[in-house]
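Structure, as structure tokens:
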Amino acid sequence: MSLLSAQSATSAPAAQASVGAPIEFMFRQIMEAVQKSQLEIAELRSECHELRQANASLERQVREGLNNNGGSRLGTPGFQTPAPGSPQLRAKSPFLTPNSIPQLAVPPSLYVPSPLSDNALTQFPFGIREIPGFWVVIPAGGAGTRLWPLSREGHPKFLLDLTLKGRSLIQATWDRLLPLSSASRTAIVAGPAHVKSIMEQLPDLLPHNLFCEPSAKDSMAAIGLAAAVLAVRDPNAIIGSFAADHMISGDDAFLAAVAEAVEVAKKDYLVTIGIAPSHPSTGFGYVRLGEKLGLSDAPNARLVSSFKEKPDARTAAAYIKTGNYRWNAGMFVTKAAFLMQLLKEYKPELHEGLEKIALAWDDEKTRQRVLDEVWPGLEKIAIDHAVAEPASMDRRVAVVPATFGWDDVGDFSSLADLLPAESNQPRILGDSGLVVTEQAAGGIVVPGSGRLVSMLGVDDLVIVDMPDTLLVTTRARSQEVKRLVKKCRDAGWKQLL
């Protein structure tokens, strides 16, 4: 008994020590986790403080801009451009004016514009970048049928604010390019149905720089009309054509690419800007890069080896794998006179017709008569097919590879990618208070009618609820909305298109 007692007495302290060791270790871990959490909290507080300071600075700059300019947009100099809407104060409708919403039952109170939109002014951050003799041409055509019923023939997507920042796509295009050309050398080509809305959205646009085409004849006639008229007004003009309904991120890289393209155009090239592809898209055409031009003023410029139509998924992946292909964004920079020369060689009848119109354009007495005689007979063809592709085979087309972000916002799927969203929630273009979801991930909702849109257990849907029309499809099939528009037209619903 005494031996057992002795063993028990000696083993008790050892047992206590063995129990105490893991407790001490756990305590140290807990203290380290607490210290780490305190450090992370301190970092978050510091970041929040910096954000509050940045926000206060932004608000102060906006107030100063409003005070300095009196809230007026009249007489805006070329280096000033309307401020983008505040990300903290997003508009609740993609329609910039209530009367542009398809009418049925939308109360005016649903339209809540950003307070930092049309009436605010700011200095362009890059300083003076104007290029002497450079003209911006913005073709504003197309109905954006893949974005129907949001986009309509009478109020197409370029007139819509698809980011809810208070500026439509055409206004954003104007803002982006204004530093290079100024308002005096910025021209718009549009159809008669959109002239009034464009003048309202772009009050600094000079009336004689708005070229109204009587009917849609595709991009060659539209850009050719501007080139022909500007070549008469300024024989040395260099023009850059940029679609009214594309979205671009990285303005500094964009403007640098355009400036480089102008330098190449001076050497008698038709120059396109090739966008670095972010994925193997089947919705865009491609440009194959050729040999470098070796120009000191344009070190990135290359010849265009060939243009490729929209490929299938496997071909697009193969293009990207080579590293020798860029997206064709439809941006062209060239001398106006050189474009007309190419048109004379490859499409002489179209050249002849546009020359007749250009010679009469600035004489209002004869303009309409010549348009009525000539325009209906002009060939309907894209600029790529009319001059870019054949000229590339003659080594007269160059490309400036660029790295800025670009999207033509061609359907609701691409639009959804451009909108912010909570995790596992659909993107909302409009008033988020009108959308209630439960276990509904992905997709996009446009609550444009004022009705509540509720979703339960459905993923990746496209729901566009307008006062007069409801569209329901999936993101995967959003490219096919154009087919639905055709069926609606055939069924007698033209008034809704």
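The values are calculated or read from the model by the stated rules, or taken from the named source; none is laboratory data. Not measured: the values here are computed from a predicted model. No Cβ is skipped: glycine too gets one built from the backbone with ideal geometry, and neighbour counts run over all protein chains shown. Heavy atoms of the whole protein, side chains included, go into the accessibility calculation; ligands, DNA and RNA do not. Shrake-Rupley method; radii C 1.70, N 1.55, O 1.52, S 1.80 Å.
Quick notes
- Of interest is the spacing of the C-alpha centroids, which for the range 353-367 and the range 457-496 amounts to 41 Å.
- Taking amide H as placed 1.01 Å from N in the peptide plane, the amide H of residue 298 sits under 5 Å from none that are at least 5 places away or on another chain.
- When all protein chains stay in place and ligands, DNA and RNA are ignored, the 1.4 Å accessible-area order of 483, 451, largest first, is 483, 451.
- Cα shape, the range 214-325, gyration tensor, a/c 1.5 rule: oblate
- Between the amide H of residue 435 and those of 453, distances stay under 5 Å, these residues lying 5 or more places away or on another chain, with hydrogens modeled in the peptide plane.
- Cα-Cα over 22 Å, subset of 310/482; 157/344; 321/482; 157/266; 217/356; 157/486: 157/344; 321/482; 157/266
- Using θ = phi - 60° in the Karplus curve 6.51 cos²θ - 1.76 cosθ + 1.60, the 3J(HN,Hα) couplings for the range 224-235 round to x, 4, 4, 4, 5, 5, 5, 5, 6, 5, 9, x Hz; x is entered for Gly and Pro.
- Residue 310 contributes about 120 Å² of solvent-accessible surface, heavy atoms of the protein only, 1.4 Å probe.
- Gyration tensor verdict on the range 413-496 (Cα atoms; rounded if a/c is under 1.5, prolate if a/b is larger than b/c, oblate otherwise): prolate
- Calculated from backbone phi, Karplus (6.51, -1.76, 1.60) coupling profile of the range 253-260 in Hz, x at Gly/Pro: 5, 5, 5, 5, 5, 5, 4, 5
- In terms of packing, defined here as the mean over residues of other Cβ atoms within 10 angstrom, the peptides 385-398, 275-288, 413-426 line up highest first as 385-398, 275-288, 413-426.
- ³J(HN,Hα), Karplus 6.51/-1.76/1.60, whole Hz, each residue of the range 267-281, x for Gly, Pro: 8, 6, 10, 8, 10, 10, 10, x, 8, 4, x, 8, 6, x, 6
- Charge context of residue 294, other residues only, Cβ under 12 angstrom, K/R +1, D/E -1: +1
- Area of residue 459 that stays accessible when all protein chains are in place (1.4 Å probe, Å², to 10): 90
- In this simple spin-label model, placing a label point 7 Å from the Cα along the Cα-to-Cβ direction at both residue 30 and residue 314 gives a separation of 6.2 nm.
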